[in-house]
Amino acid sequence: MDFSTKLNAHLARIEPGIDQLLPPVAASGHAGPRRIHEAMRYSMQAGGKRLRPVLVLAAAELFGEKSNALPAAIAIECVHTYSLIHDDLPCMDNDDLRRGRPTAHKKFDEATALLAGDALLTHAFALLAENYAPPLVAEMVRELATAAGSAHLIGGQMEDLLAEKKADATAAELEFIHLSKTAAMIKASLALGGCCGSATKNNLGALHDAGHHLGLAFQIIDDILDATADTATLGKTAGKDAKTGKTTFVKLHGLGASRRFAREHTDAACASLDRLPGDKTFLTALIQNMSSRSK
Ligand code: GRG
């Protein structure tokens, strides 16, 4: 199966999976909490590349997907989407556009957007609890909580907000932010997939290493696209980093060196995959594809 056929096959599980695994919007007249479920669905169903759920499904497939990986794939997309909703709020990045649509707080209001993010984060763990049995569920909760918690996603966001206030953030500080904000969730995606395939500790180590390098490459490309692509293509505000004076790979190292770093991390991610069993053709192509993406 070629790359785009396989990608579409994964997406054809993910999109209906989101519809089925998110809380329903109660029919009109029903007493259920309609608005919050509408807001959760608005942001989750706004498109997006679905990189993280695709990584879950593809990693699970390497090991023969012994447990259904779809709930884990939707769980990680819930956490990712919550982080985008909160990042767009006026108290953080204050953005109007996300995934080509008005951000959640523009479409609804700030309180609803805040609650939709909270609800998506909570729902992710409910999905894991409801769909996996011990001892797998504990390992999966640990993977997701570690990536989403204060040591990584939230801690990286905190450091990013602090770094925005100073003009002299260092390369080491920037790498910490990117590893925490971006790579941790990508590592967790591959690891959750591995858990669904009953991966060994060594296999999980290789998946973590692949996620580390893919995460850094992905973020470096994100910085390059912010500097070089337009808002219509990205579906989010382009050129924002330079406008706000934010320290990025491009600002610290220039476009040429950033492209070289992205290539090196892409190659290192593919090399980590070589330590794993199964057919790595799709995952390798996905990693390569992410490094040449235009949005
Ligand atoms: C609010 C806890 C909290 C964290 C916010 C996600 C995030 C952290 C900030 C958004 C800005 C940013 C550049 C984050 C780095 C990760 C990243 C590149 C997110 C965008 O992911 P994509 O490109 O988005 O996969 P889609 O919309 O395609 O899913």
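The values are calculated or read from the model by the stated rules, or taken from the named source; none is laboratory data. Only a predicted model underlies this, so the values are computations on that prediction, with no experimental measurement involved. Positions of Cβ are generated from backbone atoms using ideal geometry, with glycine treated the same way; all protein chains shown enter the neighbour counts. Accessible surface areas use protein heavy atoms only, side chains included; no ligands, DNA or RNA. Shrake-Rupley method; radii C 1.70, N 1.55, O 1.52, S 1.80 Å.
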Quiz item: Looking at this structure, is T247 surrounded by fewer than 17 Cβ atoms within 10 Å (Cβ to Cβ) and either among the hydrophobic types (A, V, I, L, M, F, W, C) or more than 30 Å from G64 (Cα to Cα) (or both)?
Solution: no
Quiz prompt | One residue from D160, D168, D209 being over 22 Å from R50 (Cβ atoms), open to solvent by 40 Å² or more (accessible area, probe 1.4 Å), of a type outside the set (K, R) and part of a helix (DSSP H, G or I) | solution = D209
Exercise. Go through the residues of segment 262-269 one by one and say whether even a single one is in a helix (DSSP H, G or I), of a type in the set (S, T, Y), within 16 Å of the ligand (Cβ to nearest atom) and open to solvent by 30 Å² or more (accessible area, probe 1.4 Å).
Key: no
Quiz item: How many residues, within segment 281-295, are in a loop (DSSP other than H, G, I, E, B) and either open to solvent by less than 40 Å² (accessible area, probe 1.4 Å) or of a type in the set (V, I, T) (or both)?
Solution: 1
Quiz prompt | Residues satisfying the stated conditions in segment 179-206, i.e. within 12 Å of the chain's Cα centre (by Cα) and either open to solvent by less than 20 Å² (accessible area, probe 1.4 Å) or under 17 Å from M140 (Cα atoms) (or both) | solution = S180, T182, A183, A184, M185, I186, K187, A188, S189, L190
Exercise. Might you check whether a residue that is within 14 Å of the ligand (Cβ to nearest atom) and open to solvent by less than 20 Å² (accessible area, probe 1.4 Å) occurs anywhere in segment 127-141?
Key: no
Quiz item: Counting only residues that are closer than 20 Å to E61 by Cβ and assigned to a helix (DSSP H, G or I), how many does segment 171-200 have?
Solution: 12
